[in-house]
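Scroll down for the structure; my scribbles are underneath it.
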Amino acid sequence: MTFVCPWVNNTNAANGSQKIVLGLLISYTKTILQMDSPSIVVVGSTNTDMVIKASHLPQAGETILGGTFFMSAGGKGANQAVAAARLGGSVTFIARTGYDIFGKQSMELFEKEGIDVSGIQRDHHQPSGVALITVDEKGENCIVVAPGANAALTPGDIDEMKEKIENATLLLIQLETPIETVERVANIASAKKIKFVLNPAPAAKLSDELLKKISIITPNQKEAEMLTGIKVNDQSSAKQAAEFLHKKGIDTVIITMGAMGAFVFHENKSSAIAGHKVNVVDTTAAGDVFNGALVVALSEGKTMEEAAAFACKAAAISVTRLGAQASAPDREEVESMPSGGFDHVNAK
């Protein structure tokens, strides 16, 4: 279908106007579709990432000369919210950011992505969170976070947003906010039987009381080891770790394994989700993109294995780009990528 702008005579100008109108129509259509979609509520952190590319990660006491420096929007909660929204999810983000330029920029970016920002509070006493990130030539990174306002997201803030949380179809949270806040979200989810997804990052020990309220947990290999004491390096050890967590009361365990894909333990069945061979540039947001994509796929009724396969594709695309939120792919990119598939396994 050709869209004609009768009020514009110049051909180039008309083409430009058509593109603007088409963009508005696409944005409007996406908004309407999201209004009819199951609600995803993400609770978590929002940061500004300050990134330096270097030949290698510095050792203790070592100073190295890096290359490219850039700033981008980050924070595990924000990354997951943006990833989910960009893939078509109807997302509400609950967070706390500073009343400063970084906070203002973050709010503008969330609104541009179509995220409901009514759950974000601006803090007049704490600065916005900042992350200092070094990325080496292989795409590996080391990160130091100054949480700022993220550390001031309290259980009281969650109580104020209780209605939004109770109306969610899926809840997604990480561990860059106070553990008491995570526990309050878990309590609400458990009471209302809302599917509660915990991405246990950064790695930390968690109480059995919290673990039994989790519907789906998504650790990477190191985080799984922290939670279980089992070193995860293959399907067999992944299954052992998954069964350990399942015995704690968690219905579904998904262990992300980088280039190897993911291991899914769901309904007492184990599945190996294939990874994808890509040119790795920056792995900073791979786990966050995986989680954002996972909840979108689940909200659309995909099976756990299908959702994990979809998330693996999204994460694989993200590592081919620099930045956190900037690396999150859109729906067309993910759907055009060949699926790695999945297999049911009986690892011992």
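What follows is calculated from the coordinates using simple rules that are stated; it is not laboratory data. Please read all numbers here as calculations on a predicted model, not as lab measurements. Every residue, glycine as well, gets a Cβ built from its backbone with ideal geometry; the counts of neighbours run over all protein chains shown.
A few points about this structure:
- Cα gyration tensor shape of region 130-267, rounded if a/c is under 1.5, else prolate or oblate by comparing a/b with b/c: oblate
- Full-extension gain in nm, residue 56 to residue 187, via 0.36 nm per residue minus C-alpha separation: 42.9 nm
- In terms of surrounding Cβ atoms within a 10 Å radius of their Cβ, 266, 125 rank from fewest to most as 125, 266.
- Each Lys and Arg adds +1 at its Cβ and each Asp and Glu adds -1 at its Cβ; summed about the Cα centre, region 93-185 shows a dipole of about 120 debye.
- Rounded if a/c under 1.5, otherwise prolate or oblate - region 106-147, Cα gyration tensor axes: oblate
- Residue of 126, 80, 174 that the Gaussian network model of the chain assigns the largest fluctuation, springs spanning Cα pairs under 10 Å: 126
- Straight-line cross-link reach from residue 76 at under 22 Å between alpha-carbon atoms covers these lysines, not counting any fewer than eight positions away in the same chain: 53, 104, 112, 138, 162, 164, 195, 205, 213, 222, 313.
- Packing-based order for 87-96, 317-326, 330-339, using average beta carbon neighbours within 10 Å, highest first: 87-96, 317-326, 330-339
- Annotation: average projected area of region 204-269 is 3.8 square nanometres, based on the convex hull of Cα atoms across all directions.
- With an a/c value under 1.5 for the gyration tensor axes a ≥ b ≥ c computed over the alpha-carbon atoms, the chain is described as rounded.
- Principal-axis tilt of helix 304-318 within the chain, Cα atoms, nearest 10 degrees: 60
- Placing unit charges on the Cβ atoms of the charged side chains and taking the dipole of the chain about its Cα centre, the candidate lying farthest along the positive direction among 191, 43, 105 is 191.
- Rounded to 10°, Cα long-axis angle of helix 101-112 versus longest principal axis of the chain: 80
- When region 38-345 is described by a simple charge dipole with +1 on each Lys and Arg Cβ and -1 on each Asp and Glu Cβ, the residue from 238, 56, 169 located farthest towards its positive end is 238.
- If R0 is 25 Å, the Cβ-Cβ spacing of residue 246 and residue 303 corresponds to a FRET efficiency of close to 0.90.
- Inter-centroid distance (Cα atoms) of region 196-250 relative to region 136-171, Å: 19
- Interchain or long-range residues, amide H under 5 Å from residue 176's placed H: 45
- Charged side chains reduced to their Cβ positions (Lys and Arg at +1, Asp and Glu at -1) give the chain a dipole of some 360 debye around its Cα centre.
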